[in-house]
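Step one of this worksheet: look at the structure below.
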Amino acid sequence: LMRADPELAVRVATSVDSRTAARWALTFSRVAAAAGGVDPVAPAAKREVLRPEASQLWKLMIRTSVPFIGFGFFDNMIMLTVGETLDCTFGVAFGFSTLAAAGMGQMVSDACGITLQGFIERFADRLGLPDPKLTLPQQQLDFVKYWMIFSRVAGIVIGCFFGMFPLIIMPERQPRLVDQIADKLSSQCRAEFQRSVKTLHFKRGEKLLEYGQESSKVFMIQDGSVEVIGRDVDRLPFNVCTIGPGHAFGVPELNRPSHVDLVAKDDEVIVQSIGKFEYLRIMATNEEAMEIFTGARSIEHQVYLRSQGQNLAIAKPQAQKGTGKTRMFASLTQEEKMEVLQFVRTEEAVNFTGSKGEGKVTFFARLSEEQKAEAMLKFQERVAERLARANAEEQEALG
């Protein structure tokens, strides 16, 4: 039909991609060769087949790998963006793991890859990629087939590498305190805990809690800073401390009027809140989760409560993994970190100067659990002594 109609032959030839045209040419050549008694794909041992030149092989690699660079790029890009979005939304809402979110992102990525396959191949054909001009027998050489497989693998690897660019623009996420607590709960308690936790937003200057207000909730800071403002002996306000992401506030066992104001310090502050009754009911059999919350409370605030007559003990750091010692160390100022490191009896700890970017948190994280607990406990005791001495001097001056 196409021999009888040259215009039809031209339209068909321009409508197919290079791969389809090559497959048709191979099929037609086999038919023609069979009619003449020649096998076009006979082994090289039986027929003289010239080995492709180096320039042909490089052209073949470029022509073969470029479409797979596109496949790898879109596959990784879609998987990362969709997986991260699912982890930040449905993962938080329903409590499934980051790996589950990554798997769902891969499902979406594979589905999109099937849809984009034809588009990527047509786009690659229009790039004017070099033609290696291999004969059909050369294309059937084992070496050439392995070279094409290698080119595809190289293309996928390069594409996946560049497809990781969303990691550059994604903000670094630290595990939220509420998620750390939820991870230590059983599946039933985790679901109940996540249903009970409410996310609250505050603007600069707004109060999360007022002095004298009945304190019926505990707070977990997700983003922004909050000032804890207490009262001195003359009932004048003063800043007890500033708490930020990863800190907790509130004593679940106490239902009394608050001794402080909690005031949003940044333009936007995001906190998770849960009622004390619900918190205690859920945590009744989950001591490890309770310890994470207790370890996230500010030392200065606990000392302040003791000075106000509250019968509270400062949470003693536990020599167990996952109890928040490294996270508490990371939240300290540079001066406070240096003070903690004074209690670590190693030669490397003495070499820090107190400047930023020295790797103090990384060093502290590598310490044994016993070393961490001992250093943090001594630091807490020193802070308590310092605040108690300041309060005594202030009362003596007033007296």
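Observations on the model:
- Across 338, 104, 376, the residue with the most accessible area heads the list, and the full order at a 1.4 Å probe is 104, 338, 376.
- Per-residue SASA entry for residue 269, accessible area with 1.4 Å probe, Å² rounded to 10: 0
- When both the stretch 74-152 and the stretch 236-291 are represented by their alpha-carbon centers, they are found 47 Å apart.
- In this structure, the pairs whose alpha-carbon distance is over 28 Å, taken from 184/372; 276/337; 356/378; 203/325, are 276/337; 203/325.
- Close amide-amide hydrogen proximity is noted between residue 209 and 262, each under 5 Å apart and 5 or more residues distant or on a separate chain (H modeled in the peptide plane; Pro and chain starts excluded).
- Lysines whose Cα lies under 21 Å from that of residue 133, excluding same-chain neighbours fewer than 8 positions away: 59, 145
- Set of aspartates and glutamates near residue 265 by C-alpha distance (under 13 Å), chain-local residues within fewer than 8 positions excluded: 206, 223, 227
- Size of charge dipole - the stretch 172-256 - debye, nearest 20, with Cβ of Lys, Arg +1 and Asp, Glu -1, no other charges: 220
- Couplings 3J(HN,Hα) of the stretch 342-351, computed from phi: 5, 8, 9, 8, 9, 5, 5, 5, 6, 7 Hz, in residue order, whole Hz [Karplus 6.51 cos²θ - 1.76 cosθ + 1.60, θ = phi - 60°; x for Gly and Pro].
The values are calculated or read from the model by the stated rules, or taken from the named source; none is laboratory data. Please read all numbers here as calculations on a predicted model, not as lab measurements. Counting neighbours? That spans all protein chains shown, and the Cβs are built from the backbone with ideal geometry, glycine included. Quick note on the areas: whole protein, heavy atoms, side chains included, nothing else; ligands and nucleic acids left out. Shrake-Rupley method; radii C 1.70, N 1.55, O 1.52, S 1.80 Å.
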